[in-house]
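Data first, discussion second: the structure below is written as structure tokens.
The values are calculated or read from the model by the stated rules, or taken from the named source; none is laboratory data. Just so we're clear, the structure is a prediction, and the values are computed from it rather than from any experiment. Heads up, the Cβs are rebuilt from the backbone with ideal geometry, glycines too, and the neighbour counts pull from every protein chain shown. Note: areas computed on protein heavy atoms with side chains; ligands, DNA, RNA excluded. Shrake-Rupley method; radii C 1.70, N 1.55, O 1.52, S 1.80 Å.
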Amino acid sequence: MSAPDYGRTFGLMRAAAGQPWRNYTRHAFVEGMKDGSLPHDAFLHYLRQDYVFLIHFARAWALAVVKGQTHAEMLAAVGTVNALVAEEMQLHIGVCEAAGISKDELFATPERPENLAYTRFVLEAGYSGDLADLLAALAPCVMGYGEIGVRLAAEATSDRYKDWIDTYAGAEYQAACKAVGELMNQALTRRIGPDFEASPRWERLCRTFCTATELEVGFWQMGLTP
């Protein structure tokens with residue numbers, strides 16, 4: 001099946017990422033959710049680490065408010081922060097509580113090195129650059145999960161991880177992916193110009209996107225090693 005359309009900028013960066021993008025979106029962890037073969041202990045371990053990740057990811061999106069130059073940019077970033085804190089993190093809390101892991105235990109989860117490397121890379125991209133740099137580091141997580149969700153919703157042969165799949169394949173999350181894609185289009189056009197892929201900055205932005213993609217691959221791999 002073809003990948004969802006999340007906008008011009010994302011499509012160009014996705015294509016530039018090449019094999020690492022496929023390694024991320026079709027990782028063994030993902031395929032294990034598709035056919036239900038992923039061990040539940042590995043899934044819970046991943047969820048706990050992902051909850052910690054989302055704490056820092058929300059902070060990175062809050063930094064996008066600081067880096068925004070227009071009300072529209074700031075509003076898009078605020079909406080994403082709210083979705084992460086009020087909705088996506090609640091999904092993790094609910095699944096973990098059902099498995100006997102309390103909210104306090106979840107919040108106190110020790111951060112794995114793979115998690116630390118990824119979250120600090122994203123934050124550093126924002127601290128040292130502008131909104132375009134930050135979005136290049138944020139996009140693989142946002143859109144990658146959207147792409148994975150849509151594909152698994154169409155191809156899954158097991159209902160074991162249906163709640164997770166439905167969350168990321170759902171209309172609300174897909175709308176968020178498209179909104180972030182439009183934010184990327186506007187941010188790069190405003191800061192670089194309409195032909196941003198021809199600018200000297202483009203290669204560096206694509207490297208940031210690709211590095212974040214490779215860190216996503218490492219995150220899935222971490223999930224397989226509780």
Subject >> Subset tally (residues that are part of a helix (DSSP H, G or I), out of contact with any Asp or Glu (no Cβ under 7 Å at 6 or more places or on another chain) and open to solvent by 10 Å² or more (accessible area, probe 1.4 Å)) for segment 114-132 >> reply: 9
**OP:** Can you work out which of the residues in segment 69-109 that are closer than 21 Å to Glu182 by Cα and open to solvent by less than 20 Å² (accessible area, probe 1.4 Å) is farthest from the chain's Cα centre (by Cα)?
**Re:** Glu73
Original post:
Which condition number does Ile165 fail, the rest of (1) part of a helix (DSSP H, G or I); (2) open to solvent by 10 Å² or more (accessible area, probe 1.4 Å); (3) β-branched (Val, Ile, Thr) being met?
Top reply: (2)
**OP:** Out of the residues in segment 196-217 that are charged (D, E, K, R) and open to solvent by 70 Å² or more (accessible area, probe 1.4 Å), state the one that is farthest from the chain's Cα centre (by Cα).
**Re:** Glu197
Subject >> Positions within segment 100-113 being within 18 Å of Gln221 (Cα to Cα) and assigned to a helix (DSSP H, G or I), in sequence order >> reply: Pro113
**OP:** Could you identify the single residue in Ala62, Ala17 that is out of contact with any Asp or Glu (no Cβ under 6 Å at 6 or more places or on another chain) and open to solvent by 10 Å² or more (accessible area, probe 1.4 Å)?
**Re:** Ala62
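Take the conditions in contact with a helix residue (DSSP H, G or I) (Cβ under 9 Å, 6 or more places away or on another chain), assigned to a helix (DSSP H, G or I) and either at positive phi or among the basic types (Lys, Arg) (or both) and apply them to Arg59. Does it pass?
Working: in contact with a helix residue (DSSP H, G or I) (Cβ under 9 Å, 6 or more places away or on another chain): yes; assigned to a helix (DSSP H, G or I): yes; either at positive phi or among the basic types (Lys, Arg) (or both): yes.
Yes, satisfied.
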**OP:** Among the residues of segment 121-146, count how many are within 19 Å of Ala83 (Cα to Cα) and among the hydroxyl-bearing types (Ser, Thr, Tyr).
**Re:** 1
**OP:** State which residue is farthest from Met1 (Cα to Cα) when the search covers only segment 138-162 and only residues that are more than 17 Å from the chain's Cα centre (by Cα), in a helix (DSSP H, G or I) and of a type in the set (A, V, I, L, M).
**Re:** Ala153
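Report whether or not Ile192 is in contact (Cβ under 8 Å) with a residue 40 or more places away in the chain, surrounded by 21 or more Cβ atoms within 10 Å (Cβ to Cβ) and β-branched (Val, Ile, Thr).
On the way: in contact (Cβ under 8 Å) with a residue 40 or more places away in the chain: yes; surrounded by 21 or more Cβ atoms within 10 Å (Cβ to Cβ): no; β-branched (Val, Ile, Thr): yes.
Spelling it out, it is not the case that Ile192 is in contact (Cβ under 8 Å) with a residue 40 or more places away in the chain, surrounded by 21 or more Cβ atoms within 10 Å (Cβ to Cβ) and β-branched (Val, Ile, Thr).
I'd like the residue in segment 10-48 that is part of a helix (DSSP H, G or I) and touching a Gly at 6+ places or on another chain (Cβ under 7 Å) and, out of all such residues, is nearest to Lys178 (Cα to Cα).
Here is the first cut: in segment 10-48, the residues part of a helix (DSSP H, G or I) are 10-17, 19-25, 28-35, 40-48.
Next, from what is left, pick out any that are touching a Gly at 6+ places or on another chain (Cβ under 7 Å): 10, 24-25, 29, 42, 45-46.
On the way: Phe10: 10, Tyr24: 20, Thr25: 18, Phe29: 25, Ala42: 30, His45: 29, Tyr46: 26 Å.
Result: Phe10.
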